[in-house]
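Quick notes on the structure that follows.
The values are calculated or read from the model by the stated rules, or taken from the named source; none is laboratory data. Quantities reported herein were computed from a predicted structural model and do not represent experimental measurements. Methodologically, a virtual Cβ is constructed for each residue, glycine included, from the backbone with ideal geometry; neighbour enumeration extends over all protein chains shown. Quick note on the areas: whole protein, heavy atoms, side chains included, nothing else; ligands and nucleic acids left out. Shrake-Rupley method; radii C 1.70, N 1.55, O 1.52, S 1.80 Å.
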Amino acid sequence: MSPKRSNEQPFVVLGVAGGIAAYKSVELLRLLRQAGAHVAPVLTPDATRFVGALTFSALASEPARTTIFNDLTTPIPHTYLGQNADVIVIAPATAHVIARLAAGLGDDLLTATVWASRAPVILCPAMHTEMWEQPSVQENLSRLRARGYLILPPDDGALAGGDSGPGRLPDPESIAKLVMAVAIGSPAGPLSGHRVVITAGGTRENIDAVRVITNLSSGRQGHALAQVAARWGAEVDLITTSSAPIALDVARVVNVIRVSSAADMHEAVMGRREGASAVIMAAAVADFTVTSVTHKMKKAEGIPAIELIPTVDILAKLGQGDRGRQVLVGFAAETTNLVPAAIEKCQRKNCDFVVANNVADPHVGFEHPTNEVTIVDAVGVVEVVGLRDKEQVAVAILDKVASKLSGRA
Ligand SMILES: Cc1cc2nc3c(=O)[nH]c(=O)nc-3n(C[C@H](O)[C@H](O)[C@H](O)COP(=O)(O)O)c2cc1C
């Protein structure tokens, strides 16, 4: 095993595959260097058809490498790079390199470096929408995600060739931010030193011993918030009704508390709110529960009368009184009058922010992997976050929380 370099600078392997967005990796390289990283570029042979290795060599901390063989200065380049890396980022990641990684192939320096490393790997896929939507691409990404790879989903926007849709490489600034947060590890992330309570999923209210009243919330947005907050250095208490898996890379810093009913959720939140820097109520908590739950109702007993009573309004309770520097974020799922209702809710419940989403829109809200939200405060609109993956929506929300916390420090 070659010795690991001892250096204060995080060592970033910047992998570049042969996609049209390879030119943006030059800017990413510049931003990573500016942020203090030691950057070693590795280009696939096809990437060099798009951008010359010389451009990367001129800007990087060491010469760009393009081949596993014939490297006169480093006889075993993949182990040198893999063992020294604090993080490997591949931007753009082509459909082809994603497939090679999913299949375990190591026929070039970039994939061989990934195999020779224990560092976290961030993939930034970029391709035309038709390619992005291919089941093979999505299946390969699911396999890699399950193995702990971090996937930064592409943006929806203008693509090479004049068309538009999902597949565009996210802007180099946001990639650089994520790479640095992962490279320097949790202690230096934007939420380091903070404990954040996040709720997720729809609650279930028992009608009788076997039947429940619930809602369509999948818990995806809350889980995405937990993942991003953990990557940003927070200790996360995730109070969730959803049994969805938590990504391997963050499982160790997220305390998962599984609950079922609104009453369970209330008890869990109240038990953890004390001392938390932020409470983010992304769960869809039932407004009503059933008065008495006894035996399983039988058809022969006739049509039952189900009496509902209100549940505790957890968000309103969190907003009461002096909560010190704690940032409180509510969610509002509406089908009409979205933004005014969210601003009014923010005022009434004394939140710092309310995240409003129009659940009547296709591709938005419950059960969808994507979301489109408007973040408001008690005064008005703070940010309109266009249609994107729930993880990127989480980045926008947590960005506001982190700024608020640093303003209150
Ligand atoms: C002009 C042009 C643009 C391309 N852009 C992309 C792209 O954005 N994403 C992608 O996955 N493949 C793209 N391809 C196809 C890849 O270049 C091709 O699959 C190549 O073998 C990728 O090799 P690599 O993954 O080893 O770098 C493009 C090809 C051409 C000719």
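Quick notes
- For the stretch 125-143, taking the residues that are of a type in the set (A, V, I, L, M, F, W, C) and either at pLDDT 95 or above or under 21 Å from residue 164 (Cα atoms) (or both), the one that is nearest to the ligand (Cβ to nearest atom) is identified as 127.
- Subset tally (residues that are assigned to a loop (DSSP other than H, G, I, E, B) and within 15 Å of the ligand (Cβ to nearest atom)) for the stretch 54-82: 4
- Some residue of the stretch 247-264 being in contact with a helix residue (DSSP H, G or I) (Cβ under 7 Å, 6 or more places away or on another chain), under 22 Å from residue 189 (Cβ atoms), modelled with pLDDT under 85 and open to solvent by 30 Å² or more (accessible area, probe 1.4 Å): yes
- From 42, 51, 87, residue being within 16 Å of the ligand (Cβ to nearest atom) and touching a residue at least 40 places away in the same chain (Cβ under 8 Å): 42
- Looking across the stretch 98-113, the residues that are within 12 Å of the ligand (Cβ to nearest atom), open to solvent by less than 20 Å² (accessible area, probe 1.4 Å) and farther than 18 Å from residue 142 by Cβ come down to 108, 109, 110, 111.
- When the stretch 12-36 is filtered for residues that are modelled with pLDDT of 95 or more, away from the ligand (no atom under 12 Å from the Cβ) and outside any helix (DSSP H, G or I), the ones remaining, listed by number, are 12, 13, 14.
- Some residue of the stretch 114-124 being among the aliphatic types (A, V, I, L, M), within 13 Å of the ligand (Cβ to nearest atom) and touching a residue at least 12 places away in the same chain (Cβ under 8 Å): yes
- Number of residues in the stretch 64-79 that are surrounded by fewer than 23 Cβ atoms within 10 Å (Cβ to Cβ) and under 20 Å from residue 179 (Cβ atoms): the value is 0.
- Options 87, 39, 16, 12: the member that is open to solvent by less than 40 Å² (accessible area, probe 1.4 Å) and farther than 14 Å from residue 114 by Cα: 39
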